[in-house]
Amino acid sequence: MRKLLMAAIASFLLVGATIAQDPDMWALFSKTRFVEKLNREFGMYFLYPRFPDELKEIEGKTVTVSGFYIPLDMNNSNIAIVSKFPMAECFFCGGAGPESIVVGYLKNKPNKRFKTDEIVKIRGKLKLNEDDIEELNFILIDAEFVN
């Protein structure tokens, strides 16, 4: 009986260890380096990302990001902004960098109204933006909120 119990526990631990874990997306985003380059169209210098290979490898795959909900002034929007930091410290209002924010283009409008800085989890296909300065660098396409 004891051997059977030990075998069951070992099997449980082995199966648990092989289940794929979601990567820490904030840690991967933070590996992105930014290079200041002149944008001739705007006549200004902007930070352009250089994504690490491990982030490029998961582009187009479905990923999940947890963070603080940052509201937009757009009513009935299918866009969600999620930050690694609360609004007072986020990329837009605080001193955080562009690697600390992600935009989700939602499949459907949320059926719930989120509060500023509410912790949310969002899932979608990762798209990396290297060139469009009018868009965030980390984008989730066909995104949805996860409970």
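The values are calculated or read from the model by the stated rules, or taken from the named source; none is laboratory data. What you see is a predicted model; the values in this text were computed from it and never measured. Don't worry about glycine lacking a Cβ; one is built from the backbone with ideal geometry, like all the others, and counts go over all protein chains shown. Remember, those area values only see protein heavy atoms, side chains included, never the ligands or the DNA or RNA. Shrake-Rupley method; radii C 1.70, N 1.55, O 1.52, S 1.80 Å.
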Checklist line | Residue match in the range 43-60 (condition: open to solvent by less than 50 Å² (accessible area, probe 1.4 Å) and of a type in the set (A, V, I, L, M)) | finding: yes
Next item on the list: Could you check residue 34 against (1) modelled with pLDDT under 95; (2) surrounded by 10 or more Cβ atoms within 10 Å (Cβ to Cβ); (3) farther than 16 Å from residue 132 by Cα; (4) under 21 Å from the mean Cα position of the chain (by Cα) and say which number it fails?
Entry: (3)
Notebook entry, point to check: Which residues, taken from the range 70-101, are open to solvent by less than 20 Å² (accessible area, probe 1.4 Å) and modelled with pLDDT of 85 or more?
Noted result: 70, 80, 81, 82, 83, 100, 101
Note to self: Can you tell me which of (1) assigned to a helix (DSSP H, G or I); (2) at pLDDT below 90; (3) surrounded by 10 or more Cβ atoms within 10 Å (Cβ to Cβ) is the one residue 3 doesn't meet?
What the structure shows: (3)
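Return yes when residue 54 is more than 20 Å from residue 23 (Cα to Cα) and without any contact (Cβ under 8 Å) to a residue 60 or more places away in the chain and no when it is not.
Values: more than 20 Å from residue 23 (Cα to Cα): no; without any contact (Cβ under 8 Å) to a residue 60 or more places away in the chain: yes.
Answer is no for this residue.
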Next item on the list: Considering (1) at pLDDT 95 or above; (2) surrounded by 13 or more Cβ atoms within 10 Å (Cβ to Cβ); (3) at positive phi, say which one residue 29 fails and leave the rest.
Entry: (3)
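For every residue, the table says whether it meets (1) in contact with a helix residue (DSSP H, G or I) (Cβ under 9 Å, 6 or more places away or on another chain); (2) under 18 Å from residue 105 (Cβ atoms).
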{"position": "34", "(1), (2)": "yes, no"}
{"position": "39", "(1), (2)": "no, no"}
{"position": "52", "(1), (2)": "yes, no"}
{"position": "61", "(1), (2)": "no, yes"}
Check: Which one is farthest from residue 85 (Cα to Cα), of the residues in the range 102-147 that are open to solvent by less than 70 Å² (accessible area, probe 1.4 Å) and of a type in the set (Asp, Glu)?
Finding: 135
